[in-house]
Every structure is written in C-alpha cells, then in structure tokens.
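Trainee: Please see the structure below; I have some questions.
The values are calculated or read from the model by the stated rules, or taken from the named source; none is laboratory data. None of the values given here were measured: they were computed from a predicted structure. Note that each Cβ is placed from the backbone with ideal geometry, even for glycine, and that neighbours are counted across all protein chains shown. What goes into the accessible areas is simple: the full protein's heavy atoms, side chains included, and nothing from ligands, DNA or RNA. Shrake-Rupley method; radii C 1.70, N 1.55, O 1.52, S 1.80 Å.
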Amino acid sequence: MLVSSSKLVAVSFFLCLSEALMLAQTLPTPAVLPAETQQHVEKVKGCLTEPVVIKDDPHTCHTLAERMTELHVPGVSIAIIHNGEIDCAQGFGVQQVGGKLVSADTLFQAGSISKPVAAMAALYLVGQGKLSLDSDVNTVLTTWKVPASPAAPGATVTLRELLTHTAGFTVHGFPGYAANAPVPTLVQVLNGEKPANTDPIRLENMPGKDWKYSGGGYTVMQQLLLDVTKEPFPKLLHDTVLVPIGMTHSTYERPLPAKFQPMAATPYMADGAAVPGGAHTYPEMAAAGLWTTPSDLARYMIEVQQSLQGKANHVVPRDLTQQMVTAGKGGWGLGLQIGGSMSNPYFSHGGVNEGFESLFVAYEHNGDGAAVMTNAQGGMRLASEIMGSIAAAYNWPDLRPIVRTAIKVDRAVLARYVGTYEIAPTFSVTFSLEGDQLMTQATNQPKFPVYPETETKFFLTVVDAEVEFITDDKGQVTYLILHQNGHETKGIKK
C-alpha cells in the first residue's frame, strides 16, 4: 500500500504482448488530439529513461512498450494536465492478459493515493466546523480511543498530526486481505486483533516530534471521520469529495460495485503472474481503499490548483487548501508531499497495493501535472520513468532524468564494499560483486547495479540516490551514508 508502502519506501531508498497491443490507446484517440499534444505523447512513449542516466551511455532510451515488457507490466493508464486542463488521457496494454485493452476509464487500486483524497474529506469537515485541525482527537473519537502509551506519556493527538504523518503512530502500511480471507473490522485493525494481519496501531513517539510515514495514523483518521459523521466511509467520500470534484469513476466501496467491475484492471506480481484471487481488500480505506482512474486523479489535482487560485472550492476553502500544500516536517503538507522550488512547488503522492503501483505529480501554479497508474508490482519504476518522460516533453523544471558520470574502479577496491549494512532493525542493504559490477539489494527488493563516481561514492540509476562508503583509520569500511532527497541515512556494516 503506499508513497509510500513498505515496498515503495524500500525501493525509494535506492527506490507476450505485441507492440501493437502495448500501444493501444483510447479516449481520446491520437487522431483527435491537437498536433502539439500528439507530439508530446509521442515523446513520452518514445523515450523512457531511468531517473538517473550515465553520461555517454547510448542505451538509456527505451520505448514505453519495451519497458512494459521488461518490467512485466500488462497495463498502464496516463492522464496529463496542461494549463489547468486534461491535455490527454490514454491507456496502454491490457486490463488483464488476454483480455480488454486499457482505456482512460479503466479502474486501478490507488494504494496510498487514497490518503490525499481522504484527507480532503477531513478538511471538508474542518471547513464545516465539524472537526478541528488542532484539537485532541480523543475528544471526538467515540468508537475507539487513542490508547495511552509509555512512549508518549500524557500525549494528545491532533488531526493535523495525523494528516502530516507527525502523530507518532506505528504501522507503516497494510498488505490487504486476499480473496476469501476473513476481513477485520476497522476497530480490529486499530487494535491488531485477529483476523487483522498488522500490529496494533499505537503511539511510538511523542506527537509532533518527528515525521514518520504512517498508514496507521490515517486509519485513526478514518475512524475519526466515521465517529463524527455517523456515515459509511465510502458514502462520506462519495458525497463530500468524489461527486463535487467530478470523480465519477472512483469509489471506496468494497466489494467493487457491479457497474465498475468490467472496467477494473487485474493486479499482477513482479514476475508477470496474476495476484492469486485478484485484487486485495483494504478495510483501511483512508489509507489504501480507493479505486480510481488517472483522469479522476487529474480532476483532483485540478481542484487543488484552482482552489489555490480561488477559482473552484467545491470541497475545501482556499485557506485550507493552502495549508494542504504547505510543507512541514519531512516536506509534507496535509496529505500531500511537497517538492520543487519555493517559487514553483509541486504536490505529489505515490501508491502501492498488492499488484497495483501508481504516482501523481502536479504543480501548484502553472496548471501542469500528470497521473500514471499500473496493474503490476514494478509499476512504480515504470510510473517514475513515464513521469520523467512527461517532465521532459512538457519542459517541467523538475523530475527530468539526471545525468551522472561513472568512472572505472579497480575490482579490488569494489570488493572492500561487499557486505550487509543495517539501516534499521528490519531493513538492510547488501552489496555484492558480479564480475566487475557492484550490485545492491535492499530487504525484500530486487537487485540493482551501482556505479562509481569516485572510489568511495556510488550512484544508482533506478532512483536519484548516492551511497558513500566510510572507512576507519585502518582503511576498513565501517558504515555507509545514503544521500537522498536532501537527507542522509546511516547504515552500519554487519
């Protein structure tokens, strides 16, 4: 689930179909696209690269069809907004191997992209005076209360902290429940009681002290909204957010309503096998339960952009929308991650559910952005590459591939870095040598090559990140430092 599920975060630490089938497109067709838009689309699908490219490497550019085949991604759907309008919305590949083509109306599970949409419903209630951003949520929660915690004695939790991932709650993400598996109630999820398959959601830190991504916090927020409105969560989101924005192909309902089932993509594993039993069920709806399309996500992005300008405030007033996109700890606003420059910021979110991986990015001021949804594990890599290609085609100031220079390093030097480095108790990074190529593999993740910039500093191409190896006074490697997104993370050699 998530920017951020555990799978997505782990990757971010480093992060039988024919050509004709891959390039199937609908709504609108290339024939009806304006000439300039069609040129952009051809650029997007004609040259995908990884986020980082090696200088003078002649093999960096790949077509969308090639990358879908290489990454075992059967279906992709893309919506691009330009100057505040949907510029194009097209599908590529298939909803299900051997089945229907992906169209602009194909539904995908959004994973953690469910969070910013759900956050808008919470802010709607704030705007209506039914909730406060800065009051103790236990004064409103009735079905369940935030338990006292020895890690945070006397703590109170606010809605603002829940939305910004600063509340201090446990449980990063949720794996969902496979077909025919018993599904817990929301209170059972909150308490970690069977049949819940995740730990209890509890405070592990003082609220407001640090930023730490927590799907658990959004699950507390879901219970908060239920207790305040006394309405089923899918109906609340339908009435307050989806309908007002025009997200007519979106729902938090489970099971998926019959009218949407023919349009739903089938999820696939990284090896190309279908997820057994199909899409998982997520009672943690605010954190991971949304079914949607890139076009509907584009409507969400346009609503935020226009609300910031005071042009459309169908759900949230302008002042609360401004708070949504104001970066706090960790670079997060109220449900959104904030990037770009001070003069031209963008808001974004990623999402990973079992067999579904997606990403959206939108600029606050110029009305540009895009959403990419896929129906396979590994789809986040593809979505990131597509986003980079869109950034290049539409001349965005950010997200375009970074060019780095690799040097030759003696194999004996590379051998010194072989080993496992512990970044967290449950997360390590292992380096190995395959011939003269240094490789890295994070916990539960694929193996990727790393390339030397100097004898001690290396970079990846699958994500914009650098690894620096540190030695002691005897020349022995003792730890590494991961440089990414302006942050430094230490990993101790075991």
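Trainee: Report, in deg cm²/dmol and to the nearest 500, the calculated mean residue ellipticity at 222 nm for the chain, where each DSSP H run with n ≥ 4 adds -39500 (n - 2.57) and the sum is divided by the residue count.
Mentor: Calculated at 222 nm, the ellipticity per residue is -7000 deg cm²/dmol.
Trainee: On to the next question. How far apart, in nanometres, would the label points at Lys408 and Asp57 be if each is projected 7 angstrom from Cα along the Cα-to-Cβ direction?
Mentor: 1.8
Trainee: 5 Å is the cut-off here: which amide hydrogens, built 1.01 Å from N in the peptide plane, fall below it relative to Gln337, excluding neighbours closer than 5 in sequence?
Mentor: For Gln337, whose amide H was placed from the backbone, the distant partners under 5 Å are Ser348.
Trainee: Got the relative contact order for the stretch 268-426 handy, in percent, Cα pairs under 8 Å and 6 or more residues apart?
Mentor: Result for the stretch 268-426 is 17 percent.
Trainee: Roughly how big is the stretch 419-489's charge dipole about its Cα centre, with Cβ charges of +1 (Lys, Arg) and -1 (Asp, Glu), in debye to the nearest 20?
Mentor: Computed about the Cα centre, the dipole is about 220 debye.
Trainee: Something else about it: Taking the Cα centre of the chain as origin, work out the dipole magnitude from +1 charges on Lys and Arg Cβ and -1 charges on Asp and Glu Cβ, in debye rounded to 20.
Mentor: So the magnitude is around 720 debye.
Trainee: Here's another thing I want to ask about it. Roughly how far apart, in whole Å, are the Cα centres of the stretch 171-221 and the stretch 295-374?
Mentor: 25
Trainee: Shifting gears a bit: When all protein chains stay in place, what accessible area (Å², nearest 10, 1.4 Å probe) is found for Arg202?
Mentor: Surface open to solvent at Arg202 totals about 70 Å².
Trainee: What FRET efficiency would be calculated for the residue pair Asp271, Ser135, taking the C-beta separation as r and a Förster radius of 45 Å, to the nearest 0.05?
Mentor: Working from the Cβ atoms, E equals 0.40.
Trainee: I would also like to ask the following. In Å², what does the accessible area per residue of the stretch 121-213 work out to with a 1.4 Å probe?
Mentor: 45
Trainee: Just to confirm, what accessible area per residue do you get for the stretch 299-448 at 1.4 Å probe, in whole Å²?
Mentor: In whole numbers, the stretch 299-448 has 37 Å² accessible per residue.
Trainee: Carbon and sulfur atoms: what percent of the 1.4 Å accessible area of the chain do they account for?
Mentor: 53
Trainee: At 1.4 Å probe size, put Glu85, Glu468, Glu253 in order of accessible surface, largest to smallest.
Mentor: Final ranking, largest accessible area leading: Glu85, Glu253, Glu468.
Trainee: Which residue, chosen from Leu414, Phe458, Gly154, occupies the Cα position most advanced towards the positive end of the dipole of the chain, where the dipole is computed from +1 (Lys, Arg) and -1 (Asp, Glu) charges on Cβ about the Cα centre?
Mentor: It is Gly154.
Trainee: List the lysines whose alpha-carbon lies under 30 Å from that of Lys259, not counting same-chain residues fewer than 8 positions away?
Mentor: By straight Cα distance, Lys259 reaches Lys100, Lys115, Lys230, Lys235.
Trainee: Full extension from Glu488 to Asp227: what is 0.36 nm times the residue separation minus their Cα-Cα distance, to one decimal in nm?
Mentor: Taking Glu488 through Asp227 to full extension adds about 89.9 nm, to one decimal.
Trainee: If the only charges are +1 at each Lys and Arg Cβ and -1 at each Asp and Glu Cβ, what is the size of the charge dipole of the stretch 199-240 around the Cα centre, to the nearest 20 debye?
Mentor: Using only the charged Cβ atoms, the result is roughly 40 debye.
Trainee: Go through His82, Ile338, Leu71 and say which Cα lies farthest out towards the positive end of the charge dipole of the chain; charges sit on Cβ, +1 for Lys and Arg, -1 for Asp and Glu.
Mentor: Of the candidates, Ile338 comes out farthest on the positive side.
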